[in-house]
Amino acid sequence: MPRESKAKKVQRADQVWALLRDAYPDAHCALDFENAFQLGVATILSAQTTDERVNGVTPALFRRFPDAEALASAPREDVEELVRSTGFFRNKAKNIQGFARGLVADHQGAVPRSMDELHALPGVGRKTANVILGNAFGIDEGIVVDTHVKRLARRLGFTTRTAPEKVEADLMTLVPRERWTLLAHLLIWHGRRVCDARSPACERCVVSHLC
């Protein structure tokens with residue numbers, strides 16, 4: 001793509017937003033959850049696996065351990081067995097229990113509503129914090145950058161960088177804050193359905209003329 005001004009890039013980002021919003025009116029977080037605690041646990045479990053696989057294990061996990069207190073005090077081997085199918089289950093069990101214990105120790109078991117407090121919890125990086133804030137609390141603090149968002153942001157010429165936090169920073173300068181949470185969902189849905197990593201279906205892409 002030829003070099004373009006910041007104003008032109010903002011204008012193009014606005015067009016991409018409008019077209020994807022029309023294409024995916026039902027775009028939302030694909031993880032099943034009933035509250036911020038469940039979303040935090042599910043997001044931690046979703047690393048290097050599919051949302052569908054996580055959704056397959058969390059019902060039993062939350063029936064057994066319905067809140068931070070229950071998960072924090074659970075036997076590690078029981079947690080590991082329940083999350084085994086998500087892969088890297090020992091590390092994931094450690095992380096979700098660390099998250100739960102941090103909530104109990106520092107927040108009376110409740111999930112905090114600030115980036116700094118969330119980021120300070122074990123197992124919670126900026127991506128997970130953004131997922132919780134945006135989807136459980138409706139707080140647009142940042143933009144979730146997963147593999148789909150990073151790939152599409154680069155293909156669309158909205159960033160040339162690869163580090164997730166830098167991709168996020170570039171996107172945040174192009175899109176109004178109130179769109180940040182939904183933008184990630186739109187890019188993820190488009191990435192999964194059309195803009196594949198290896199063989200993007202450009203012939204049926206609604207934003208191919210802007211790419």
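Here are some notes:
- Here is the tail figure for the range 115-159: Cα pairs spaced more than 15 Å apart come to 48 percent of all pairs.
- Legend: Rg and Dmax of the range 149-211, from Cα coordinates, 11.5, 32 Å.
- Stokes-Einstein translational diffusion, the range 1-119 - Kirkwood Rh over all Cα pairs, 0.890 mPa s, 25 °C, in µm²/s: 150 µm²/s
- Helical mean residue ellipticity (222 nm; -39500 (n - 2.57) per DSSP H run of 4+; nearest 500) of the chain: -17500 deg cm²/dmol
- Cubic angstrom per residue, convex hull over Cα atoms of the chain: 116 Å³
- The chain, relative contact order in percent, only Cα pairs under 8 angstrom and at least six apart counted: 22 percent
- Cα-based Rg / Dmax (Å) for the range 1-63: 17.7, 54
- Over the range 76-187, relative contact order from alpha-carbon pairs under 8 Å, at least 6 apart, %: 18 percent
- Stokes-Einstein diffusion for the range 109-202 at 4 °C, viscosity 1.567 mPa s, with a Kirkwood radius from C-alpha pairs, works out to 94 µm²/s.
- Taking a ≥ b ≥ c as the square roots of the eigenvalues of the Cα gyration tensor, an a/c ratio of 1.5 or more together with a/b no larger than b/c marks the range 85-133 as oblate.
- Comparing 201, 136, 27 in a Gaussian network model of the chain where C-alpha atoms under 10 Å apart are linked, the largest mean-square fluctuation is found at 201.
- Among 173, 43, 181: highest mean-square fluctuation, GNM of the chain, C-alpha pairs under 10 Å: 173
- Partner lysines for residue 127 [C-alpha distance under 19 Å; skip if fewer than 8 residues away on the same chain]: 92, 94, 150, 166
- Of all lysines in the structure, not one lies under 17 Å Cα to Cα from residue 8 without also being fewer than 8 positions from it along the same chain.
- Accessible area of the chain divided out per residue, in Å², using a probe of 1.4 angstrom: 51 Å²
- Among 144, 54, 194, residue whose mean-square fluctuation peaks in a GNM of the chain (springs only between Cα atoms under 10 Å): 194
- Span from the the range 122-155 Cα centroid across to the the range 3-56 one, whole angstrom: 8 Å
The values are calculated or read from the model by the stated rules, or taken from the named source; none is laboratory data. Worth saying up front: this structure is predicted, and the values here are computed from it rather than measured. We work out accessible area using only protein heavy atoms, side chains counted, and drop any ligands, DNA or RNA first. Shrake-Rupley method; radii C 1.70, N 1.55, O 1.52, S 1.80 Å.
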